[in-house]
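One structure is given here, and the rest of the page talks about it.
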Amino acid sequence: MSHLRTTSRIVAAGIAALLVASLSACATDGFETGSTMAAAQESGSLRIGIKHDQPLFGELDSSGTPQGFDVEVARIIADELDVKESGITWVEATSEDREQLLQDGAVDFVVATYTISPERKDQVAFAGPYYVAGQSLMTRKDDVDIASVRDLADKHVCSVEGSTAADTIVTLAPEASLALFDDYSDCLEPLRTGQVDVVTTDDVILAGYADQSNGQFRIVGAPFTAEPYGIGVALENTTFRMWINDVLEEAMEDGRWEEAWDSTAGRVLPAPQRPIIDRYEVADLS
């Protein structure tokens with residue numbers, strides 16, 4: 001009888017373990033325990049880094065609600081994990097702070113006009129790109145002296161600390177005087193008052209500012225770089241990065257990516273070409 005009771009307890013324990021495993025699998029939709037996806041789905045929460053000052057891509061409306069193409073892309077990812085709007089904590093991610101936010105674990109991912117670059121791949125990982133922009137120039141409407149990056153010698157150029165745009169100007173226009181701020185919106189008043197001659201960043205960001213300037217600003221010249229926007233995640237979080245890549249590809253196929261564009265940046269800018277997802281391996285970073 002003792003042997004039978006022991007066997008029964010073993011069988012019961014095995015059944016209980018199977019039930020727990022089954023319930024766990026259902027709760028996480030097959031995501032590996034401990035993964036970012038499983039944690040988000042179980043908690044119903046995500047912390048997402050976005051810009052607060054970039055019209056069309058990432059800004060706050062009059063009620064403090066985030067809006068823009070980056071925000072809608074982030075919502076697509078959150079929706080795939082069954083995270084509702086009430087479960088999202090939107091964290092401001094300035095150009096200078098994006099890597100630190102990811103490295104500190106202060107956010108789960110960043111969607112903030114975040115150009116993928118080899119230097120940044122040493123610090124964080126990227127899903128995407130989900131959009132490809134190009135660096136351009138914005139001047140006052142009545143300024144006829146600047147038509148391209150070749151005209152920036154001895155000009156006062158405004159950009160943002162930690163941005164690829166600032167690095168590019170140092171390379172392409174070394175004789176320009178570069179003023180760096182925390183946010184691109186900080187460049188608008190100096191441009192308006194003549195303290196700087198031009199603002200430089202990606203064309204889509206400048207288009208938003210020009211659109212809101214009541215005709216004071218205009219974009220000049222053609223874009224002179226290619227800026228693939230990626231979704232930043234922690235450097236070692238390969239599983240999450242690859243899963244986001246799958247979500248992006250699905251969203252591009254089923255129309256959600258296009259809908260996100262049309263409802264935000266597409267109100268001002270033409271429809272973009274669909275970018276090719278970069279499924280790089282960690283070994284590629286050496």
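The values are calculated or read from the model by the stated rules, or taken from the named source; none is laboratory data. Nothing here was measured: the structure is a model prediction, and the numbers come from that model. Cβ atoms come from the backbone with ideal geometry, glycine included; neighbour counts cover every protein chain shown.
Somewhere in the stretch 50-69, is a residue surrounded by fewer than 17 Cβ atoms within 10 Å (Cβ to Cβ) and assigned to a helix (DSSP H, G or I)? Before you say what the answer is, go through the steps one by one.
At the first step, the residues of the stretch 50-69 found to be surrounded by fewer than 17 Cβ atoms within 10 Å (Cβ to Cβ) are 61-65.
So of that shortlist, the ones also assigned to a helix (DSSP H, G or I) come out as none.
Within the stretch 50-69, not a single residue is surrounded by fewer than 17 Cβ atoms within 10 Å (Cβ to Cβ) and assigned to a helix (DSSP H, G or I).
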* Asked: For residues in the stretch 144-169 being in contact (Cβ under 8 Å) with a residue 60 or more places away in the chain and outside any helix (DSSP H, G or I), which is surrounded by the most Cβ atoms within 10 Å (Cβ to Cβ)?
  -> Val160
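If we scan the stretch 138-161, do we find a residue that is within 25 Å of Leu60 (Cβ to Cβ) and among the β-branched types (Val, Ile, Thr)? Reasoning before the result, please.
As a first pass, look at the stretch 138-161 and keep what is within 25 Å of Leu60 (Cβ to Cβ): 138, 158-161.
After this cut, where a residue has to be among the β-branched types (Val, Ile, Thr) as well, the list is 160.
Checked the stretch 138-161: at least one residue is within 25 Å of Leu60 (Cβ to Cβ) and among the β-branched types (Val, Ile, Thr).
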* Structure fact -> Picking from Glu72, Glu92, the residue that is of a type in the set (Asp, Glu), in contact (Cβ under 8 Å) with a residue 24 or more places away in the chain, surrounded by 16 or more Cβ atoms within 10 Å (Cβ to Cβ) and within 16 Å of Glu249 (Cα to Cα) would be Glu72
* How about the stretch 109-143: which of its residues are over 26 Å from Glu189 (Cα atoms), assigned to a strand (DSSP E or B) and of a type in the set (A, V, I, L, M)? -> Val110, Val124, Ala125, Ala127, Val132
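Against the condition more than 16 Å from the chain's Cα centre (by Cα), of a type in the set (Ser, Thr, Tyr) and either on the phi > 0 side of the Ramachandran plot or part of a loop (DSSP other than H, G, I, E, B) (or both), how does Thr225 come out, does it pass?
On the way: more than 16 Å from the chain's Cα centre (by Cα): yes; of a type in the set (Ser, Thr, Tyr): yes; either on the phi > 0 side of the Ramachandran plot or part of a loop (DSSP other than H, G, I, E, B) (or both): yes.
Considered against the rule, which asks whether it is more than 16 Å from the chain's Cα centre (by Cα), of a type in the set (Ser, Thr, Tyr) and either on the phi > 0 side of the Ramachandran plot or part of a loop (DSSP other than H, G, I, E, B) (or both), Thr225 comes out as yes.
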* **All positions within the stretch 242-273 that are at pLDDT 95 or above and part of a loop (DSSP other than H, G, I, E, B)** => Gly255, Ser263, Thr264
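Which residue out of Glu72, Glu96 is in contact with a helix residue (DSSP H, G or I) (Cβ under 9 Å, 6 or more places away or on another chain) and either under 30 Å from Arg274 (Cα atoms) or at pLDDT 95 or above (or both)?
Glu72
Would you check if Asp211 is surrounded by 21 or more Cβ atoms within 10 Å (Cβ to Cβ) and not assigned by TED's automatic domain parsing to the domain that holds Ser95? First the steps, then the outcome.
Details: surrounded by 21 or more Cβ atoms within 10 Å (Cβ to Cβ): no; not assigned by TED's automatic domain parsing to the domain that holds Ser95: yes.
For Asp211, the condition - surrounded by 21 or more Cβ atoms within 10 Å (Cβ to Cβ) and not assigned by TED's automatic domain parsing to the domain that holds Ser95 - is not met.
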